[in-house]
Amino acid sequence: MLFKSLQEGLGVYIHIPFCKSRCVYCDFVSFEDRSYDEYTEYLLKEIEMYKEYLSEGVTTLYIGGGTPSIFPLQNLARIVKSISIYSRNGFQEFTIEVNPDSFDLNLAVEYKALGVNRLSMGLQSTDDIVLKKSGRLYDFETFLRKYDIARRYFDNVNIDFIVGLPGETWKTIQENVRFVSDFVPDHVSVYMLEIHSENGAGILKKPDEQVFQRYDEFLNALKALGYERYEISNFTINGKYCLHNLKYWFNTDYIGLGVAAGGHIGFLRYNNFEKLSDYFLAISEGRLPRSYEVFNTPEREALETLFMSLRTKWGADLEYVKRKTGIDPKDVLDVLKRRFEFFDGEKLTEQGMDFSNLFFVTLLSIWEEYFK
């Protein structure tokens, strides 16, 4: 039933690429300039370019960044209005990301009026030393005040954590767990620090064995608190899954709008330009602002669908893959089933999620050999 509902209507992701300052660990496309009005105008033009697809109906809207909570409300309202006309009976889920330093009571009221029904707050750590070394612009006490506001206005709140940030200790993890235990957010996302760029060079270190151990400790504590691990990095206490992200993980259709956003429509996968100037130029010339696009072969589409869905506790729907692509993945998955005791041929166990990198590398290798 859940999977069927995810196939109905489109997901829309909108990237707001502005921040007050860059955190040392951040690898997302963001800028510290303030070209809000110009960006809004071009984004509205891009939305217009997708009206044929959007008219199929939009069920989930996710506004991420960057820091959407520093984006002017009047600009945000214009963008949301231009998407809302395609939502038919309202969005099934409408998420916006906020940072504690820029979120306040006024924003909570205005977001609620816009139709937001899910808030995602980037805490990252309860440790003030870690927050300061990471370039975050708030302390834990400030976060708690803002979290209280969030809970008063929204009954679906996600909290993001990152394990492996500079200054982190075992006590940091214990305090993170204590926060979750005391305040019980509906949804928790826990990510291992990943270093992809030179941003923060000299400050960040690649995760060592102790970081991996602290990561495992955090995940085990969440499970002990009753949280359901429904995706490798995502947990919920009461079945409040992130429906928009589930569209990604089940490889259904979604449209990405704005700088650096990506989308997936049918067998088409694309990414937008990462530079504002390139994005603006393409739209001004009447072109979709894509830096990359590819129409997947049936084999590639089947592989991507497996890769994404096997991240979840439900695993792969083999009949759906076969129906969508004409490719039957059973033989490949049977090889993996014989090789890994934590894989039953359709889904990974909890242990399998912990060893997912090894599993996915092996899946890719066997797949390429089988379909060469």
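Observations, loosely collected:
- The residues of the chain expose, per residue, 45 Å² of accessible area to a 1.4 Å probe.
- Stretchable slack from Asn220 to Thr142, in nm (0.36 nm times residue separation minus alpha-carbon distance): 25.3 nm
- Label-point separation, Leu364 to Arg178 (7 Å along Cα→Cβ), nm: 4.1 nm
- Relative contact order (%) - criterion: Cα under 8 Å, at least six apart; region: the stretch 139-259: 26 percent
- Solvent-accessible area, 1.4 Å probe, carbon plus sulfur percent, for the chain: 51 percent
- In this structure, the pairs whose alpha-carbon distance is over 28 Å, taken from Lys324/Lys347; Lys275/Lys347; Lys112/Lys223, are Lys275/Lys347; Lys112/Lys223.
- Stretching Arg88 away from Lys337 to a fully extended chain increases their span by 85.4 nm, per 0.36 nm per residue minus the current alpha-carbon distance.
The values are calculated or read from the model by the stated rules, or taken from the named source; none is laboratory data. Note that the coordinates shown come from a computational prediction; the quantities given were computed from them, not determined experimentally. No Cβ is skipped: glycine too gets one built from the backbone with ideal geometry, and neighbour counts run over all protein chains shown. Ligands, DNA and RNA are stripped out before the accessible areas are found, and what is left, the full protein with its side chains, is counted by its heavy atoms. Shrake-Rupley method; radii C 1.70, N 1.55, O 1.52, S 1.80 Å.
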